[in-house]
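Shown next, in structure tokens, is the structure this report addresses.
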Amino acid sequence: MDGIHDLGGREGFGPIDADEDEQPFHAPWEARLNGMVRAISRAPDWTIDWFRHCRELIDPVDYLTRPYYDQWMQTYAAMMIVSGLATVDELAGGRATTRADLPPPMTAAGVAAAKARAVRYDRPGAATPAFAVGDAVVARRDGHAGHTRLPAYARGRRGTIAASHGAFVLPDQGALARDAAEPLYTVSFPTSELWAEAAGRRDTVLLDLWQSYLTKA
């Protein structure tokens, strides 16, 4: 959806600190939360697109002022409530009073089997590509209230199909628990097409975009 979290970022918040400390965790609770997320028994209706959509629903001021892993905690709490895995009172009190219908924690022996069942999002033969490598395309201007992987800065901009990858689940539909697949392309955009201040430069930006995000130029 269109909001403060846009993939391309928002202007007006100052320069990016390229020298920021790159430690993965800045407090012990962040590492603990990351471990909890990795170990959690996930509900059948949870997908990466659903997680992203829920995170995008955080209020803009809240989104900008919460640390990264604090956003994760808020998002997973909301997902647990929506899926019926926990209640608001249980999360606030820190103690379960009901029993969610989830499988038991994974054993060490089950790790290899779980990796073999890893979710795949490609859907061979699910849809016919409308574009070929070398075709000129324009990213659509319109957005919507749901999840999308089309960054605002590329909308209405002209690019060229650099690669065609076959059909993959469209994130916009994946966030709604729909297994709808579309052809996925890598699109090359000249930086001068994306930003006026890049005029005269020969750099390009490569974006992986789904078919419904594009029209013929």
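Annotations for the structure displayed:
- Just one of the listed residues (Tyr63, Tyr121, Tyr76) is closer than 16 Å to His5 by Cβ and modelled with pLDDT of 90 or more, namely Tyr63.
- Residues in segment 129-148 that are under 17 Å from Gly9 (Cα atoms) and crowded, with 17+ Cβ neighbours inside 10 Å: His147, Thr148.
- Within segment 160-167, not a single residue is surrounded by 14 or more Cβ atoms within 10 Å (Cβ to Cβ) and over 21 Å from Ala132 (Cα atoms).
- Number of residues in segment 1-35 that are out of contact with any Phe, Trp or Tyr (no Cβ under 7 Å at 6 or more places or on another chain) and aliphatic (A, V, I, L, M) equals 5.
- Check on Gln71, touching a helix residue (DSSP H, G or I) at 6+ places or on another chain (Cβ under 9 Å) and without any contact (Cβ under 8 Å) to a residue 40 or more places away in the chain: yes
- First in segment 7-34 and more than 23 Å from Met73 (Cα to Cα), second anywhere and of a type in the set (Val, Ile, Thr), Cβ under 9 Å, 6 or more apart: Arg10/Ile4
- Looking at segment 126-217, the strands (runs of 3 or more DSSP E) lying wholly inside it that each contain 3 or more residues that are hydrophobic (A, V, I, L, M, F, W, C) and over 19 Å from the mean Cα position of the chain (by Cα) sit at 136-139, 158-169.
- Checklist (1) at pLDDT 95 or above; (2) touching a Gly at 6+ places or on another chain (Cβ under 8 Å); (3) within 26 Å of Arg52 (Cα to Cα) applied to Tyr153, failing item: (1)
- Every test in (1) without any contact (Cβ under 8 Å) to a residue 60 or more places away in the chain; (2) at negative phi is passed by Gly200 save one, and that test is (2).
- Residues satisfying the stated conditions in segment 24-42, i.e. assigned to a loop (DSSP other than H, G, I, E, B) and either at pLDDT below 85 or among the hydrophobic types (A, V, I, L, M, F, W, C) (or both): Phe25, Ala27, Ile40, Ser41, Arg42
- Cβ-Cβ under 6 Å pairs, at least 6 apart or on other chains, segment 40-51 side under 9 Å from Ala175 (Cα atoms), far side buried (at least 16 other Cβ atoms within 10 Å of the Cβ): Thr47/Gly174; Asp49/His147; Asp49/Pro171; Asp49/Gly174; Asp49/Ala175; Trp50/Ala175
- Just so you know, in segment 173-182 the residues that are surrounded by fewer than 21 Cβ atoms within 10 Å (Cβ to Cβ) and not charged (D, E, K, R) include one that is nearest to Gly134 (Cα to Cα), and it is Ala180.
The rows are residues; the columns are (1) in the same structural domain as Trp50 (by TED's automatic domain parsing); (2) at pLDDT 90 or above.
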| position | (1), (2) |
| --- | --- |
| Asp89 | yes, yes |
| Gly125 | no, no |
| Arg141 | no, yes |
| Gly159 | no, yes |
| Ala163 | no, yes |
| Gly166 | no, yes |
| Ala175 | no, yes |
| Glu197 | no, yes |
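- Taking segment 46-124 as the region of interest, the helices (runs of 4 or more DSSP H) fully inside it that hold 3 or more residues being under 25 Å from Ala27 (Cβ atoms) are 48-56, 60-65, 68-82, 88-93.
- Odd one out for Leu150 among (1) farther than 30 Å from Ile58 by Cα; (2) touching a strand residue (DSSP E or B) at 6+ places or on another chain (Cβ under 9 Å): (1)
- Taken together, the criteria exclude Tyr153 from residues that are of a type in the set (Phe, Trp, Tyr) and either in contact with a His (Cβ under 9 Å, 6 or more places away or on another chain) or in the same structural domain as Asp45 (by TED's automatic domain parsing) (or both).
The values are calculated or read from the model by the stated rules, or taken from the named source; none is laboratory data. Treat the numbers as computed from the prediction; the structure is a model and nothing was measured. Positions of Cβ are backbone-derived with ideal geometry, glycine not excepted, and every protein chain shown enters the neighbour counts.
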